[in-house]
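S.K.: Once you've had a glance at the structure underneath, I'll fire off some questions.
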Amino acid sequence: MSAFIGLQCHLCHTPFPAQALYVCDRCLGPLEPVYDYDAIRLTRELIASRPKNLWRYRELLPITGEPRTGFNSGFTPLVRCDRLAERLGLRELYIKDDSVNHPTLSYKDRVVSVAATRALELGFKVLACASTGNLANSVAAHAARLGVECVVFIPDNLEAGKLLGSAIFNPTILAIAGNYDDVNRLCTQVADRHAWGFVNINLRSYYAEGAKTYGFEIVEQLGWRYPDHVVSPVAGGTLLPRIVRGFRELRQVGLVDGDLPRVHAAQAAGCAPVINALEAGLEHPEPVRPDTIAKSIAIGNPADGYQVIQTIRETGGTGAAVSDAQIVDAIQLLAETEGIFTEPAGGTTLGATIELVKRGVIGRDESVVVCVTGNGYKTGEVLQGRLREPVRLSRAFKEFESWFETREAIA
Ligand SMILES: Cc1ncc(COP(=O)(O)O)c(C=O)c1O
Ligand SMILES: [Zn+2]
């Protein structure tokens, strides 16, 4: 049912077999799946008739057999946010809300559903990853569901909720003394020597394709049209280029037409290699040493940095970096105006959107989709001291009454 043919180099277009390969041995470019688009007979009605999960676009995903996991992943809400829009001075604003993605509350459940299915097709017995937290949560959960052994590698300074979110599924957790870039370097060495399926290293060609479904859903949920702008967080650089690849593919198979949206990158000022490169006119980001509360996106040396920059330029987009204080303000603004609780990655994306509106990059009458990719319940630490304390009362009615008399006005 899939139109998946094989892999090819993104840069020199050399074809490769559909194995656990991720880098071109001629030019070191990343490998990506190729599809026979002419063979795809997808209609809006056919897609609408399928279950509300990411496999509704399975013709455009790189598996050869049946999906094995992710039957409740994807198809997250696209929420129209009029109260937030008003605060920003916009007319048409949406949050694509992967903070409620199933089962581990981040966009990573998309990429892991695809990579884990492909890992089983390729015969891997162990699922592994290098992670800033959310990916480890997702790999551990999907591995548990599949009954497959799991090893996750993380930096040793993650938030308590991120660690808990992996540990509950009982994988082997290797907490490495170092930052994500150190963890990733170690995992590349491990993947060279051991036949483990590292979802974001040797299975990266398949993993990254899962992120296209975020883009597919935006178009479908807008009623088969593109928005004018999309603002996406960038860490390793998987998501942003794949949203655009998804947008292009839907046009290629005849499901949507029109001009691509302008796609903009959001990063924390304490880890902004892509924004720096955009501002300096570079093609490749220069690695940085991360220092930000936005730990899930604290990647100083993004694997797909080149593709992110290329994609942004092709769509006429740009980017913005925001301080940790702006990130927390944005988390609170989103929660208070729309009832959506995101983690610092989402605060970064909304904070960057606010910047882009201020700069006039996003106009008042244009439609915007803001990518919220992770859940705030995992990172409560960042709100320490920022929230109203509960009013503490005894059980006595008269105590309630005296509080009621002196309270600040409640509407
Ligand atoms: C919540 C969240 N959002 C966004 C990202 C960024 O992803 P990417 O590596 O695709 O740029 C990550 C992970 O790295 C994440 O955990
Ligand atoms: Zn190549």
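S.K.: Go over the candidates Glu286, Glu249 one by one and state the one that is closer than 21 Å to Tyr107 by Cα, acidic (Asp, Glu) and over 18 Å from the mean Cα position of the chain (by Cα). Give the steps one after another, and end with the answer.
M.R.: Details: Glu286 fails: closer than 21 Å to Tyr107 by Cα.
Answer to the check: Glu249.
S.K.: Only one of Thr76, Thr104, Thr43 is hydroxyl-bearing (Ser, Thr, Tyr) and surrounded by fewer than 20 Cβ atoms within 10 Å (Cβ to Cβ); which?
M.R.: On the way: Thr76 fails: surrounded by fewer than 20 Cβ atoms within 10 Å (Cβ to Cβ); Thr104 fails: surrounded by fewer than 20 Cβ atoms within 10 Å (Cβ to Cβ).
When all the criteria are applied, what remains is Thr43.
S.K.: Quick one: what pairs do we get from segment 20-43, first residue farther than 18 Å from Phe198 by Cβ and modelled with pLDDT of 95 or more, second assigned to a strand (DSSP E or B) and more than 16 Å from ligand 2 (Cβ to nearest atom), C-beta under 9 Å, 6+ apart or different chains?
M.R.: Val34/Phe4; Val34/Ile5; Tyr35/Phe4; Tyr35/Ile5; Asp36/Phe4; Asp36/Ile5
S.K.: Output the number of residues of segment 20-53 satisfying the condition of being in a loop (DSSP other than H, G, I, E, B) and either small (Gly, Ala, Ser) or more than 16 Å from ligand 2 (Cβ to nearest atom) (or both). Let's see the steps before the verdict.
M.R.: First pass over segment 20-53, keeping only residues in a loop (DSSP other than H, G, I, E, B): 20-22, 24-29, 36, 40-43, 49-53.
Filter again for either small (Gly, Ala, Ser) or more than 16 Å from ligand 2 (Cβ to nearest atom) (or both), leaving 20, 29, 36, 40-43, 49-53.
Residues meeting the conditions: 12.
S.K.: Restricting the first residue to segment 359-376 and requiring it to be free of Cβ contacts under 8 Å to residues at least 12 places away in the same chain, which pairs with a second residue that is part of a strand (DSSP E or B) and within 16 Å of ligand 2 (Cβ to nearest atom) meet a Cβ separation below 7 Å and a spacing of at least six or different chains?
M.R.: none
S.K.: Further question: Answer yes or no as to whether Ala298 is among the small types (Gly, Ala, Ser), more than 16 Å from ligand 2 (Cβ to nearest atom) and crowded, with 21+ Cβ neighbours inside 10 Å.
M.R.: Working: among the small types (Gly, Ala, Ser): yes; more than 16 Å from ligand 2 (Cβ to nearest atom): yes; crowded, with 21+ Cβ neighbours inside 10 Å: yes.
Criteria met by Ala298.
Listed here are the residues, each with its yes/no results for (1) within 16 Å of ligand 1 (Cβ to nearest atom); (2) over 24 Å from Val274 (Cα atoms); (3) part of a helix (DSSP H, G or I); (4) out of contact with any His (no Cβ under 9 Å at 6 or more places or on another chain).
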residue: Glu209; (1), (2), (3), (4): yes, no, yes, yes
residue: Arg225; (1), (2), (3), (4): no, yes, no, yes
residue: Ser232; (1), (2), (3), (4): yes, no, no, no
residue: Ala235; (1), (2), (3), (4): yes, no, no, yes
residue: Pro241; (1), (2), (3), (4): yes, no, yes, yes
residue: Val244; (1), (2), (3), (4): yes, no, yes, yes
residue: Arg248; (1), (2), (3), (4): no, no, yes, yes
residue: Arg251; (1), (2), (3), (4): no, yes, yes, yes
residue: Gly254; (1), (2), (3), (4): no, yes, no, yes
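S.K.: Just one of Arg185, Arg83, Arg87 is surrounded by fewer than 19 Cβ atoms within 10 Å (Cβ to Cβ), without any contact (Cβ under 8 Å) to a residue 12 or more places away in the chain and assigned to a helix (DSSP H, G or I); which is it?
M.R.: Values: Arg83 fails: without any contact (Cβ under 8 Å) to a residue 12 or more places away in the chain; Arg87 fails: without any contact (Cβ under 8 Å) to a residue 12 or more places away in the chain.
Arg185 is the lone residue from the list that is surrounded by fewer than 19 Cβ atoms within 10 Å (Cβ to Cβ), without any contact (Cβ under 8 Å) to a residue 12 or more places away in the chain and assigned to a helix (DSSP H, G or I).
S.K.: Here are some residues: Leu350, Leu333, Leu260. Which one is closer than 28 Å to Arg91 by Cβ and either touching a strand residue (DSSP E or B) at 6+ places or on another chain (Cβ under 7 Å) or within 14 Å of ligand 1 (Cβ to nearest atom) (or both)? Break it down into steps so the answer makes sense when it comes.
M.R.: Numbers: Leu333 fails: either touching a strand residue (DSSP E or B) at 6+ places or on another chain (Cβ under 7 Å) or within 14 Å of ligand 1 (Cβ to nearest atom) (or both); Leu260 fails: either touching a strand residue (DSSP E or B) at 6+ places or on another chain (Cβ under 7 Å) or within 14 Å of ligand 1 (Cβ to nearest atom) (or both).
It is Leu350.
S.K.: Okay, moving on. If you check Ser73 against the conditions, is it of a type in the set (S, T, N, Q), part of a loop (DSSP other than H, G, I, E, B) and away from ligand 1 (no atom under 16 Å from the Cβ)? Outline the logic, then answer.
M.R.: On the way: of a type in the set (S, T, N, Q): yes; part of a loop (DSSP other than H, G, I, E, B): yes; away from ligand 1 (no atom under 16 Å from the Cβ): no.
Against the criterion (of a type in the set (S, T, N, Q), part of a loop (DSSP other than H, G, I, E, B) and away from ligand 1 (no atom under 16 Å from the Cβ)), Ser73 does not qualify.
S.K.: Please state which one of Asp329, Asp365 is part of a helix (DSSP H, G or I) and out of contact with any Ser or Thr (no Cβ under 8 Å at 6 or more places or on another chain). Spell out the reasoning first.
M.R.: Details: Asp365 fails: part of a helix (DSSP H, G or I).
Result: Asp329 is the single residue among Asp329, Asp365 that is part of a helix (DSSP H, G or I) and out of contact with any Ser or Thr (no Cβ under 8 Å at 6 or more places or on another chain).
S.K.: Right, next: For residues that are part of a strand (DSSP E or B) and within 16 Å of Asp304 (Cα to Cα), scanning just segment 1-19, find the one that is farthest from ligand 2 (Cβ to nearest atom). If you could, list the steps in order and put the result at the bottom.
M.R.: Residues of segment 1-19 that are part of a strand (DSSP E or B), as a first pass: 4-9, 15-16.
Of the ones still in play, those that are also within 16 Å of Asp304 (Cα to Cα) are 8-9.
Numbers: Gln8: 8, Cys9: 3 Å.
Out of the qualifying residues, it is Gln8.
S.K.: In this structure, is Leu356 surrounded by fewer than 24 Cβ atoms within 10 Å (Cβ to Cβ), of a type in the set (A, V, I, L, M, F, W, C) and in contact (Cβ under 8 Å) with a residue 12 or more places away in the chain?
M.R.: Details: surrounded by fewer than 24 Cβ atoms within 10 Å (Cβ to Cβ): yes; of a type in the set (A, V, I, L, M, F, W, C): yes; in contact (Cβ under 8 Å) with a residue 12 or more places away in the chain: yes.
Answer is yes for this residue.
S.K.: Which of the numbered conditions does Phe169 fail, given that it passes all the others? Conditions: (1) assigned to a loop (DSSP other than H, G, I, E, B); (2) touching a Cys at 6+ places or on another chain (Cβ under 9 Å); (3) surrounded by fewer than 17 Cβ atoms within 10 Å (Cβ to Cβ).
M.R.: (3)
S.K.: Which one is surrounded by the most Cβ atoms within 10 Å (Cβ to Cβ) among residues in segment 19-37 that are closer than 16 Å to Gly210 by Cα and away from ligand 1 (no atom under 16 Å from the Cβ)?
M.R.: Leu31
S.K.: List the number of the failed condition for Ala141; all other conditions in (1) assigned to a helix (DSSP H, G or I); (2) closer than 17 Å to Ile201 by Cα hold.
M.R.: (2)
The values are calculated or read from the model by the stated rules, or taken from the named source; none is laboratory data. Owing to the predicted nature of the structure, the values given are computational and were not obtained by experimental measurement. Backbone-built Cβ (ideal geometry, glycine too); neighbour counts: all protein chains shown.
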